[in-house]
Protein chains: 2
Amino acid sequence: MKMNHYYADLEESYLFSTIAKKVEDYQTGHPDSKIIRMGIGDVTLPLPEVVVSAFQAAVLEQGTKAGFHGYGPEQGYAFLREAVRNYYMSYGVELEMEDIFISDGAKSDVGNILDLFDRDNQVLIPDPVYPVYRDTNLMAGREIVYLDANMENGFLPLPDRRQRADLIYLCSPNNPTGAVYNRAQLQDWVDYAREQEAVILFDAAYEAFVSDPALPRSIYEIEGARECAVEFCSLSKTAGFTGTRCGYTVVPHELNRGGFSLRKLWLRRQTTKFNGVSYPVQKAAAAVFSLEGLAACRAHIDVYRKNAGTIVETLNNLGIWHVGGVNSPYIWMKCPRGMDSWAFFDDLLERANVVGTPGAGFGKNGEGFFRLTAFNTNANTEEAMQRLWEIYA
Amino acid sequence: MKMNHYYADLEESYLFSTIAKKVEDYQTGHPDSKIIRMGIGDVTLPLPEVVVSAFQAAVLEQGTKAGFHGYGPEQGYAFLREAVRNYYMSYGVELEMEDIFISDGAKSDVGNILDLFDRDNQVLIPDPVYPVYRDTNLMAGREIVYLDANMENGFLPLPDRRQRADLIYLCSPNNPTGAVYNRAQLQDWVDYAREQEAVILFDAAYEAFVSDPALPRSIYEIEGARECAVEFCSLSKTAGFTGTRCGYTVVPHELNRGGFSLRKLWLRRQTTKFNGVSYPVQKAAAAVFSLEGLAACRAHIDVYRKNAGTIVETLNNLGIWHVGGVNSPYIWMKCPRGMDSWAFFDDLLERANVVGTPGAGFGKNGEGFFRLTAFNTNANTEEAMQRLWEIYA
């Protein structure tokens, strides 16, 4: 019996467990301190009422003979795929129903899509990065070339045409940096991918935070993207579905590589290894895309957006370099006074009782940087920024 | 860009689409015929009330600030893993909490577990078989050795010690045949797997249908199984969760191969490529394992069991060879009068207006056999068997 020995190449990530341990130790030593958490990328507001109502109604259906739903289509019910298609249409992207696949979240599909590709492909991944892109490729034994994201390029690396590529990971608005590609930059990536006959794996999980109409929310707003890109999206951040679990993946029928239709391969993968998303969850997700649902989600995002604005304003006043926070729930800041990521983490925890995420945890280019998230109450965020101001001004 | 070319080796399965087309054509030509469907392995009874209540309550929590659940543990909430552990304990199997992983269904995990194994492993798969075992291995480029299941061995093949094996698929109660291994037979498999240092992938999706206390419901009832077996189970058939989606996979800490702990590898796989099951679905699943929930599920299973009994009795009276149906919702019958699987399908549809599944669709040894399922109302099943009797007696 031979195991997949590439698992041995994975480094254990102690990032969030180390953070949790440090916070716990500090709280134990200082039981009266009011710690404000701005480290985790998880939403804090509950599901909108219209979503809960639709979810409830579908659960009740499951308890009746007439309304009961057994196995559904692996790629998702037509009612939800149509809602997603109409959502894309609302900002000018036209998709076929069959291009859309409903999933239990972007993380699953970002990992599972790799089933479709040979091990022997050249992978480009930005650094710093959401660790799932890296680890899922290491697990499959693929070599990775890292794209340097840094202050010079505003944490938005562009293609280097001397570099060969087969698979390219892009995330915009970015996790962890909050940086957002503009149309010209994404066009450069799409052109490069087509030159290389590469596939872009585009993570659009934070698209709902884009408020500037000049910025693309979907890679399919870019000419030629249907011929080279798969897009992953999720209701996690759009509608507070981190614990309810629903997302969608777009594999356009125009995307062909090596004599294969990727949409056909993905359908085969999903029908063989997946049984679809829970029917009541799909009903809840469809309610997100109703007019009432979209308005409720926008109201929630506005709460987070206000927090991002508070953070950005404080960092501006402090003269601290940063990106993100305008069209993103993440703010990526340079650690003040030349501190490294973990030194600043400790300093911030001990002196301000505020928790963030050390940038070094996202890759070597993250060293000296720090991620703050807007997922908190307005009051807590204002208090945290007041403390930051008092210490670092 | 190199695609996973093994996808080209997959044959398209037209089994269920061919069935659907034939049924539709017949119904169009005979609009007054009342067709009774006994072909699909999907449940027909709704979720029990106690499950719906727990599901509803958790959905309401998701709509409140205090009760909202964001990201949960990838391996499932402790409340559900504990419920599963107690369920196993109720028939004498003791597991560690950390051996239990909650999933969105057995199909996902049966496919995804292959991430842990090298391509270069010898796979044994019974024929006839649930096609997912075969297709997921073909997708990964593994060679398959088929185990002949046939009338001579009662569709319960046993190990042949001249055959080398690394991965062994067993499903008991079996899909499609309904045959159930006894303890001695499973012990033989466990002993063989340990001799070979192989891993058994044991599909226990139909364990709730085992009524004979002498028959094992879990492979962990067999001595030594913790050192060589992963078990997949699901609430799909136990509690009518085919459309609600929840299952569990057991990877015992005692199971090590090639210097790796499989439990550790699986945890790493799941934390990297999965984000856990929807919180309200997990709450619904936990209610299944309450005393009230188990009683309600047993009552549903009794409805199906009565159908299985009706089918078995009819086949006995007709003198038609069959297995299954006693501790299983599936009955695997020899086609009468020497017909092949599809000839009998057509005959049964046209003369009795009853739909089943041609055995040939499950592998070469399925030719000449036919699967009937107990997932229907008692009245429909009785009527279908009355028609069968009138035609084939």
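The values are calculated or read from the model by the stated rules, or taken from the named source; none is laboratory data. Everything quoted here is computed from the prediction, not taken from an experiment. Neighbour counts are summed over all protein chains in view; Cβ atoms, including those assigned to glycine, are modelled from backbone coordinates with ideal geometry.
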message: Looking at B:ALA205, B:ALA149, can you tell me which residue is of a type outside the set (S, T, N, Q) and more than 26 Å from B:LEU262 (Cα to Cα)?
response: B:ALA149
Strands (runs of 3 or more DSSP E) (entirely within region A:112-201) containing at least 1 residues that are farther than 18 Å from A:GLU11 by Cα, out of contact with any Asp or Glu (no Cβ under 6 Å at 6 or more places or on another chain) and of a type in the set (Asp, Glu): A:144-148
message: Among the residues that make up region B:93-104, is at least one of them without any contact (Cβ under 8 Å) to a residue 24 or more places away in the chain and out of contact with any His (no Cβ under 8 Å at 6 or more places or on another chain)?
response: yes
task: Please give the number of the condition B:PHE369 fails out of (1) over 30 Å from B:SER218 (Cα atoms); (2) in contact with a Ser or Thr (Cβ under 8 Å, 6 or more places away or on another chain).
output: (1)
query: In the list B:PHE289, B:PHE345, which residue meets the criterion of being among the hydrophobic types (A, V, I, L, M, F, W, C) and either at pLDDT below 95 or surrounded by fewer than 24 Cβ atoms within 10 Å (Cβ to Cβ) (or both)?
result: B:PHE289
Which listed residue, of A:ALA66, A:ALA78, is within 30 Å of B:PRO48 (Cβ to Cβ), of a type outside the set (Ser, Thr, Tyr) and out of contact with any helix residue (DSSP H, G or I) (no Cβ under 9 Å at 6 or more places or on another chain): A:ALA66
query: From the list A:ILE320, A:ILE331, which one is surrounded by fewer than 23 Cβ atoms within 10 Å (Cβ to Cβ), modelled with pLDDT of 95 or more, of a type in the set (A, V, I, L, M) and in contact with a strand residue (DSSP E or B) (Cβ under 6 Å, 6 or more places away or on another chain)?
result: A:ILE320
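Could you check how many residues of region B:155-169 are within 17 Å of B:PRO329 (Cα to Cα) and in contact with a strand residue (DSSP E or B) (Cβ under 7 Å, 6 or more places away or on another chain)?
1
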- prompt: Taking region A:17-39 on its own, how many of its residues are in contact (Cβ under 8 Å) with a residue 60 or more places away in the chain and either under 22 Å from the mean Cα position of the chain (by Cα) or within 11 Å of another protein chain (Cβ to nearest Cβ) (or both)?
  reply: 4
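For region B:296-340, which positions are small (Gly, Ala, Ser), within 23 Å of B:CYS171 (Cβ to Cβ) and either in contact with a Lys or Arg (Cβ under 7 Å, 6 or more places away or on another chain) or in a helix (DSSP H, G or I) (or both)?
B:ALA308, B:GLY309
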message: Looking at A:VAL43, A:VAL50, A:VAL84 in this structure, which one is of a type in the set (A, V, I, L, M) and either within 9 Å of another protein chain (Cβ to nearest Cβ) or in contact with a Cys (Cβ under 6 Å, 6 or more places away or on another chain) (or both)?
response: A:VAL43
field: Matching residues, region A:93-116, being closer than 16 Å to A:ALA208 by Cβ and either polar (S, T, N, Q) or surrounded by fewer than 24 Cβ atoms within 10 Å (Cβ to Cβ) (or both)
entry: A:VAL93
